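The structure appears right after this line, and notes come after that.
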Amino acid sequence: MLFPKWVNTVPTVLAMGGGGATLMTVALVWYYFTPKFWVMGYMPEQPGAGFSHQIHAGKLGMDCRYCHTHIEESPEANIPHVSVCYGCHAEGRLNPRSYNADRIEFVRTAYQNDEPIAWRRVHKLPDYVRNFPHHVHLQAGVSCYSCHGQIIGMPVVFQAESLSMGWCLECHRAPEDHLVPPDKVTELTWVESELSERRSMSRRERRVHTSDLIAALREAPPENCGACHH
Ligand code: HEC
Ligand code: HEC
Ligand code: HEC
Ligand code: HEC
Ligand code: HEC
């Protein structure tokens, strides 16, 4: 079981002593133990040697869309078929000295047996959230970075954001904190420095800075219940 960072602060709260502190602890535990806080940092173990975004998207500089091919046209993101991996990792294709060849054995086995690799899902909204269209967000200029964190630095993908309703609405109310030109959404290093610069601007400056992108939205990001729940 993986404990999120806040667990470290629990002993401090306990050490404060007194009735107030006990009540606070109860409140904290009750609040934080609700599922949405448990999933922050969620990082399931992946099959075989796993898949490193740090190597492929970071070091080798592969674009997200090389593998997540339908992301700009489809409400759902896709995970690549093993044949995409095999395109590079076929027997004898890559110089095995550049990495330990044993580590890609699971890729070759899956391909040869014509079986999918059983990747474990990291990000998952509850079923009662009926509508989360990936493509609409990308076309509007919301980067993978805003919702999945700095993926190109991750040897193993983990959930960087809470994915709670409050999190969705926070951005829907202030898209100027996140919008970038749509052709930059997969350039995660560029986006990271752009959004960090933006944090030193006032809200008014951020709105001026992104006015073209806000004007290009098909409509204001929705806050009505039906938009996400039907
Ligand atoms: C060479 C193929 C490849 C490239 C390039 C790639 N990915 Fe992936 N991605 C995968 C595979 C395979 C998985 C499933 C295994 C895993 O979760 O690590 C995955 C999983 C993910 C997940 C987690 C999905 C879940 O289960 O919730 C996210 C988020 C993601 N990728 C984002 C990105 C982003 C952003 C980029 C570009 C910076 C990118 N990927 C580039 C192959 C790729
Ligand atoms: C465009 C070519 C390309 C594709 C497509 C590709 N890889 Fe790789 N992969 C490489 C290269 C090159 C290395 C060696 C990198 C190095 O030595 O730093 C590597 C290294 C690896 C390693 C060994 C490093 C480690 O983490 O232990 C694994 C495992 C791996 N890839 C799995 C996959 C999987 C799974 C997929 C499909 C989702 C995939 N690769 C798709 C080029 C590719
Ligand atoms: C506005 C937020 C947002 C943006 C932008 C975003 N994602 Fe996601 N992504 C999510 C959420 C939320 C989920 C879980 C969806 C669900 O459970 O229906 C998800 C799921 C995924 C999955 C898992 C799909 C599966 O079926 O296993 C992948 C892969 C993924 N995203 C890749 C990407 C990539 C690559 C980008 C950028 C090109 C990106 N996402 C941009 C929020 C976002
Ligand atoms: C980082 C910013 C950001 C986050 C986080 C985000 N959204 Fe959005 N969302 C937008 C923007 C911007 C639009 C407006 C797109 C347009 O109209 O062009 C939008 C539009 C939508 C729409 C309307 C789609 C349509 O067809 O008009 C839905 C539904 C939606 N978001 C659901 C969600 C849900 C559910 C979550 C949380 C799981 C979420 N969004 C998180 C920025 C965000
Ligand atoms: C932008 C998308 C979005 C909008 C708009 C939205 N929700 Fe949600 N809602 C979510 C997401 C995502 C979750 C799941 C995450 C969570 O439990 O926090 C959720 C969860 C919920 C839950 C379950 C909460 C729980 O803790 O079990 C209820 C009830 C709910 N929403 C009601 C509403 C109502 C009522 C409205 C209108 C006032 C609304 N939602 C508007 C995205 C949205």
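The values are calculated or read from the model by the stated rules, or taken from the named source; none is laboratory data. Just so it is clear, the structure is predicted and the values come from calculations on it, not from any experiment. Every residue, glycine among them, receives a Cβ derived from its backbone with ideal geometry; neighbour counts consider all protein chains shown. Just so you know, the surface numbers come from the protein's heavy atoms only, side chains and all, with ligands and any DNA or RNA stripped out. Shrake-Rupley method; radii C 1.70, N 1.55, O 1.52, S 1.80 Å.
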- Query: Could you list, in sequence order, the residues of segment 127-156 that are within 16 Å of ligand 2 (Cβ to nearest atom) and either open to solvent by 30 Å² or more (accessible area, probe 1.4 Å) or small (Gly, Ala, Ser) (or both)?
  - Reply: Ile152, Gly153, Pro155, Val156
- Message: Would you confirm, using the coordinates I've provided, whether Val26 is of a type outside the set (Phe, Trp, Tyr) and at pLDDT below 95?
- Response: yes
- Message: Which residue is nearest to ligand 2 (Cβ to nearest atom), if the candidates are limited to segment 98-114 and must be open to solvent by 60 Å² or more (accessible area, probe 1.4 Å) and either in contact with a helix residue (DSSP H, G or I) (Cβ under 8 Å, 6 or more places away or on another chain) or assigned to a loop (DSSP other than H, G, I, E, B) (or both)?
- Response: Tyr99
- If you go through Tyr111, Tyr128, Tyr66, the only one that is free of Cβ contacts under 8 Å to residues at least 40 places away in the same chain and more than 9 Å from ligand 1 (Cβ to nearest atom) is Tyr111
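Let's see how each residue does on (1) closer than 27 Å to Cys85 by Cα; (2) in the same structural domain as Gly61 (by TED's automatic domain parsing); (3) within 16 Å of ligand 5 (Cβ to nearest atom):
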position	(1), (2), (3)
Val142	no, no, yes
Ser146	yes, no, yes
Ile152	yes, no, no
Glu161	no, no, yes
His172	no, no, yes
Glu194	no, no, no
Ser200	no, no, no
- Task: Specify the residue that is least open to solvent (accessible area, probe 1.4 Å); the eligible residues are those in segment 193-230 that are among the basic types (Lys, Arg) and away from ligand 3 (no atom under 16 Å from the Cβ).
- Result: Arg198
- Exception for Lys124 within (1) open to solvent by 90 Å² or more (accessible area, probe 1.4 Å); (2) within 14 Å of ligand 2 (Cβ to nearest atom) falls at (2)
